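The values are calculated or read from the model by the stated rules, or taken from the named source; none is laboratory data. All values reported here derive from a predicted model rather than from experimental measurement. Quick reminder, even Gly has a Cβ in these numbers, built from the backbone with ideal geometry, and neighbours come from all protein chains shown.
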């Protein structure tokens, strides 16, 4: 006997009840799959983005080092700043290959519904980011009043190399020296100007937001960090430590959310269990007829278990679809609350998450379907045929 078509037909007898069971399972699976996929995608993207930064540590002002470093890497401002004298000390360290000063400032443009990110840099940034590529006709800063635009910033301003760019908030007119090719990082939305120009525009002479550091030998990160930690008014944060801290925080939050979602899965499983028990009671006479015409106990058990597995599998597949559809929206909603959220998209559903959720749904189907299937298999034909509900 082909059990699958019969099981599907039986589930369709009570479409409303079946639909309620599917919705409960699908929603819980969608949330669970999204959480698992986001965690895996975030970790992978974070590793890739930090690898591309070309540095091992940062000098940031006193305060929360991880928050400070994350803000700098995303081009955001800090409440405190570093004296520019810290740069000389960093460059003098025997283990430092490149020390790139950074000054960042945010210019809100409420009338245009946007916020501009301005970053002051010097030649050391070119060594730190050798993967930077510029569009045709672009070149490095030609003078103090030059600006290099990220790909998105250039598109927003509708500017090309050689065009003039006026900043009304700082009353500064600049010439576009170059436009960066799209990189998929936060650089795409930023306005890069010479360090001295940024300090003058935002009235912060001699101040830095941070210093990005690449070592000659990454293995010496510990001793170098200990020495640089002595810099007055500054603290050292290594990118490895920062990534570990972020992943730990994310992992703790994800575990809590996964636990809550698993409770929802349990509730959905109870709905499936109730559906299967009701099906056994409603179809007692039918099962008795099937037994009388030759259906074995094993066959009855397999039929009901197939219905349970079919129900949970369909719920899982619908949940995968919801996860794929809602993934981008969920990402945009939680991205502002995640430190160093990668600019690129994160998969709404990863193969690993799909396999884990499908395995869970199979286990749920087996668990909640076993007892109703056993009850169906234990029905005696004579007793079942006398059953009047």
- Filtered residue count, region 153-172, keeping only those that are buried (at least 16 other Cβ atoms within 10 Å of the Cβ), under 35 Å from the mean Cα position of the chain (by Cα) and part of a loop (DSSP other than H, G, I, E, B): 2
- Is it true that residue 306 is at pLDDT 80 or above and within 15 Å of residue 27 (Cβ to Cβ)? no
- Query: Quick one: is residue 233 in contact with a helix residue (DSSP H, G or I) (Cβ under 9 Å, 6 or more places away or on another chain), at pLDDT below 85, surrounded by fewer than 16 Cβ atoms within 10 Å (Cβ to Cβ) and within 26 Å of residue 119 (Cα to Cα)?
  - Reply: yes
- Query: When you go through (1) in contact with a strand residue (DSSP E or B) (Cβ under 8 Å, 6 or more places away or on another chain); (2) surrounded by 15 or more Cβ atoms within 10 Å (Cβ to Cβ); (3) at pLDDT below 90 one by one for residue 129, which number turns out not to apply?
  - Reply: (1)
- Subset tally (residues that are touching a helix residue (DSSP H, G or I) at 6+ places or on another chain (Cβ under 8 Å) and in a strand (DSSP E or B)) for region 175-191: 5
